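I have placed the structure first, in the form of C-alpha cells, so that the comments after it can refer back to it.
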Amino acid sequence: MLVSTVELAWRARRGAELGLTGAAGVGLDWGAIIARKNRIVSSWSEGKDTGLERQGIAVLRGRARFLGPHELEVGARRVTAERVILATGSAPARPPIEGIERALTSDQLLERTTLPGRLVVIGGGMIGMELGFAFGRAGARVTVLQSGPHVLPPVDEELRAALVALAPEAGLDVRTGARVRRIAPDGTVETEIGGRAERFPADAVLAATGRPPNTAGLDLEAAGVAVERGAVKVNGFLQSPTALHVYAAGDVTGAHQHTPAAWYEGALAAENALKGNHRSVDFSVFPTAVFTIPALAQVGLTEAEARRQGFEVAVGRAPFEDSSAAAVRGETEGLVKVVADERTGRVLGVQILGAGAEDLIHVAAVAMRGGLSRRDLAGMHYVFPTLAGSVFDAMWS
Ligand SMILES: Cc1cc2nc3c(=O)[nH]c(=O)nc-3n(C[C@H](O)[C@H](O)[C@H](O)COP(=O)(O)OP(=O)(O)OC[C@H]3O[C@@H](n4cnc5c(N)ncnc54)[C@H](O)[C@@H]3O)c2cc1C
C-alpha cells in the first residue's frame, strides 16, 4: 500500500519526461499515507473477524498455550480439541546488538506519521529492501546494512545486481559485509565494514533481521509437538509427525513467509485435519515478489539453482530497454530473464525486474503450471505494445 503510493509519486515526478507539467512538484503527506494504510488494514481484519463469526465460528481472543495434548488455555478459558491447527505466524528477531532496543520493527516504523530524514536499515532481506526502497524513493536518505555478501540472498544474481544498481538513484546506500556493533543513544549505528569502523547517524533505525516462527509461550512440549530450527516441524500434510492431531500453517512452519502461502496452507491443513490426510503441499510453481521500486518477481528456479540441479540450461533475456511498451511509459528499467531446460525446452524459472513485475510473473507461472516449453510461448500472439510482450520475447532469445 505504502509502496504503491510512493511508486505512484515517483512515476508522477518523472512525468516531465513525458511532457506532463507540474509533475515534478508532487509531494507525499506521510501522515495521510499512514492513516489510509491503518484504515484499510483495520477494515480488512474487522471484515475477517465478523466473517468468521457470521459463519458460526467461535472466536476466543487471547494468547493460547497448550496444557496437554488436547487441552489449551486461552486467557481464563480452557478448551479441548480433537485436532489443533497452529497458525501463530512469526515475530521480528531482536539480534544481540548493544542498543537494539532503540531500533524499530517494521510494524513500528510503519506507525510513524513522519518520514525520517535518515533511515538506517539493519538487514538486506525482503523486508529491509522493500522498506529501504519505499523510504528512499519517498525522500529519506537510507543506508541498508547487510551482514552477508549480498542483499536478497535467494534472488537471481543478475537481477539482484540490476536492482542494486538502481539503489543510489532511489536514495539508498547498500553496504554488504557490515557487522553492526552498537546503536548509540543518539541513534548512530556503529558498524565494522571490511575491518574498518564506520558510523551511520540516523533519525530512525529499522531492525529487519528476519522473522523467526512464533512458537515461544505456546508450551508445545505439553502437546508433544516437535520444533526444528524454531519452526513447528510438519510433514507433507502439514501435520506434526510427533503429535498427529496437530497441524500447522503459515509462517510458524518456517517455510514460506508469504501471505498466499499462509492462505493455501491454512486451507490445506484444515482439510487434512477434518477429512484425514489426502492433500499434500505443492509449491512447485510458487510466484513471489519483492516490492522494491521497481519490483523483482520470480517463479521456479534461478539460473544458478538450475545449474546446481544438473540441468543443461538455456537462458533468454528481454531487457525493458528494448520494449516499446516500456519506452512509451518511460519505465525502461529492468529485464525479463527465462531459465529453460536446453534439452526439452521446458521453462524452469522466470525472473522479472521492472514495472509491473509482480503481475507479469503470473504469465510465467501459468505457463509453467501448464508445462509449456519456451518454444510454445515464443510462438504465441500477444497484444502490442504491452510489458507482457517482454515475457514472450525472452523466450526467443
Ligand atoms: C513488513 C512486512 C511486509 C510483508 N509484505 C508481504 C507481501 O508484500 N506479500 C506477502 O505475501 N507477504 C508479505 N509479508 C509476509 C506476510 O505478512 C506473512 O507471511 C503472513 O502474514 C503470514 O501469515 P500467518 O497467518 O502465518 O501469520 P500472521 O499473519 O502473523 O498471523 C498470526 C496470528 O497469530 C497470533 N498469535 C501468535 N501467537 C499466538 C498465541 N499464542 N495465541 C493466540 N494467537 C497468537 C498473532 O497475534 C497473529 O494475529 C510481509 C511481512 C512483513 C512483516
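The values are calculated or read from the model by the stated rules, or taken from the named source; none is laboratory data. Given the structure is predicted, the values throughout are model-derived calculations rather than measurements. Neighbour counts are summed over all protein chains in view; Cβ atoms, including those assigned to glycine, are modelled from backbone coordinates with ideal geometry.
Name the residues in the range 255-264 that are free of Cβ contacts under 8 Å to residues at least 60 places away in the same chain and within 26 Å of residue 222 (Cβ to Cβ), would you?
255
Which one of 279, 199 is free of Cβ contacts under 8 Å to residues at least 60 places away in the same chain, of a type in the set (Lys, Arg) and under 29 Å from residue 348 (Cβ atoms)?
279
Being in contact (Cβ under 8 Å) with a residue 12 or more places away in the chain, in contact with a Pro (Cβ under 8 Å, 6 or more places away or on another chain) and within 12 Å of the ligand (Cβ to nearest atom), is that true of even one residue in the range 58-72?
No.
So, of the residues in the range 137-177 that are assigned to a helix (DSSP H, G or I) and in contact with a helix residue (DSSP H, G or I) (Cβ under 6 Å, 6 or more places away or on another chain), which turns out to be surrounded by the fewest Cβ atoms within 10 Å (Cβ to Cβ)?
So the residue we want is 170.
Residue-wise test of (1) in the same structural domain as residue 237 (by TED's automatic domain parsing); (2) within 10 Å of the ligand (Cβ to nearest atom); (3) touching a helix residue (DSSP H, G or I) at 6+ places or on another chain (Cβ under 6 Å).
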{"residue": "78", "(1), (2), (3)": "yes, no, no"}
{"residue": "92", "(1), (2), (3)": "no, yes, no"}
{"residue": "110", "(1), (2), (3)": "no, yes, no"}
{"residue": "115", "(1), (2), (3)": "no, no, yes"}
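Here's the yes/no breakdown for (1) more than 16 Å from residue 203 (Cβ to Cβ); (2) aromatic (Phe, Trp, Tyr):
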| residue | (1), (2) |
| --- | --- |
| 128 | yes, no |
| 133 | yes, yes |
| 137 | yes, no |
| 144 | no, no |
| 153 | yes, no |
| 168 | yes, no |
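Is there a residue being buried (at least 19 other Cβ atoms within 10 Å of the Cβ) and of a type in the set (D, E, K, R) anywhere in the range 373-380?
yes
Within the range 288-300, is even one residue surrounded by fewer than 19 Cβ atoms within 10 Å (Cβ to Cβ), in contact with a helix residue (DSSP H, G or I) (Cβ under 7 Å, 6 or more places away or on another chain) and not acidic (Asp, Glu)?
No; the residues of the range 288-300 include none that is surrounded by fewer than 19 Cβ atoms within 10 Å (Cβ to Cβ), in contact with a helix residue (DSSP H, G or I) (Cβ under 7 Å, 6 or more places away or on another chain) and not acidic (Asp, Glu).
Taking residue 248 as the residue in question, decide whether it is within 10 Å of the ligand (Cβ to nearest atom) and either touching a Cys at 6+ places or on another chain (Cβ under 6 Å) or more than 27 Å from residue 96 (Cβ to Cβ) (or both).
Considered against the rule, which asks whether it is within 10 Å of the ligand (Cβ to nearest atom) and either touching a Cys at 6+ places or on another chain (Cβ under 6 Å) or more than 27 Å from residue 96 (Cβ to Cβ) (or both), residue 248 comes out as yes.
With more than 26 Å from residue 383 (Cα to Cα), modelled with pLDDT under 95, of a type in the set (Ser, Thr, Tyr) and not in a strand (DSSP E or B) as the only criterion, which of 284, 280 stands out?
Of the residues listed, the single one that is more than 26 Å from residue 383 (Cα to Cα), modelled with pLDDT under 95, of a type in the set (Ser, Thr, Tyr) and not in a strand (DSSP E or B) is 284.
Can you pull out the residues in the range 225-254 that are in a loop (DSSP other than H, G, I, E, B), touching a Phe, Trp or Tyr at 6+ places or on another chain (Cβ under 8 Å) and in contact (Cβ under 8 Å) with a residue 24 or more places away in the chain?
Listed by number, the residues that qualify are 225, 237, 238.
Every residue, every condition in (1) of a type in the set (Ser, Thr, Tyr); (2) touching a Gly at 6+ places or on another chain (Cβ under 6 Å); (3) in the same structural domain as residue 148 (by TED's automatic domain parsing); (4) within 12 Å of the ligand (Cβ to nearest atom), yes or no:
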{"site": "196", "(1), (2), (3), (4)": "no, no, yes, no"}
{"site": "225", "(1), (2), (3), (4)": "no, no, no, no"}
{"site": "234", "(1), (2), (3), (4)": "no, no, no, no"}
{"site": "241", "(1), (2), (3), (4)": "no, no, no, no"}
{"site": "256", "(1), (2), (3), (4)": "no, no, no, yes"}
{"site": "266", "(1), (2), (3), (4)": "no, no, no, yes"}
{"site": "269", "(1), (2), (3), (4)": "no, no, no, yes"}
{"site": "283", "(1), (2), (3), (4)": "no, no, no, no"}
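List the number of the failed condition for residue 333; all other conditions in (1) more than 16 Å from the ligand (Cβ to nearest atom); (2) over 30 Å from residue 135 (Cβ atoms) hold.
Failed condition: (2).
Any idea which of 231, 222, 202 is touching a strand residue (DSSP E or B) at 6+ places or on another chain (Cβ under 7 Å) and surrounded by 22 or more Cβ atoms within 10 Å (Cβ to Cβ)?
Of 231, 222, 202, the one residue that is touching a strand residue (DSSP E or B) at 6+ places or on another chain (Cβ under 7 Å) and surrounded by 22 or more Cβ atoms within 10 Å (Cβ to Cβ) is 202.
Surrounded by fewer than 14 Cβ atoms within 10 Å (Cβ to Cβ) and either within 13 Å of the ligand (Cβ to nearest atom) or not in a helix (DSSP H, G or I) (or both): is that true of residue 217 in this structure?
Spelling it out, residue 217 is indeed surrounded by fewer than 14 Cβ atoms within 10 Å (Cβ to Cβ) and either within 13 Å of the ligand (Cβ to nearest atom) or not in a helix (DSSP H, G or I) (or both).
Which residues, counting only those in the range 337-359, are under 24 Å from residue 18 (Cα atoms) and surrounded by 24 or more Cβ atoms within 10 Å (Cβ to Cβ)?
353, 354, 355, 357
Out of the range 350-373, which residues are among the small types (Gly, Ala, Ser) and on the phi < 0 side of the Ramachandran plot?
Within the range 350-373, 355, 357, 364, 365, 367, 370, 373 meet the criteria.
Need a quick list: helices (runs of 4 or more DSSP H) entirely within the range 303-397 having at least 3 residues that are of a type in the set (Gly, Ala, Ser).
Output list reads 324-329, 357-369, 389-396.
Tell me, which residue of the range 182-203 that is in a strand (DSSP E or B) and in contact with a Phe, Trp or Tyr (Cβ under 9 Å, 6 or more places away or on another chain) is nearest to residue 141 (Cα to Cα)?
189
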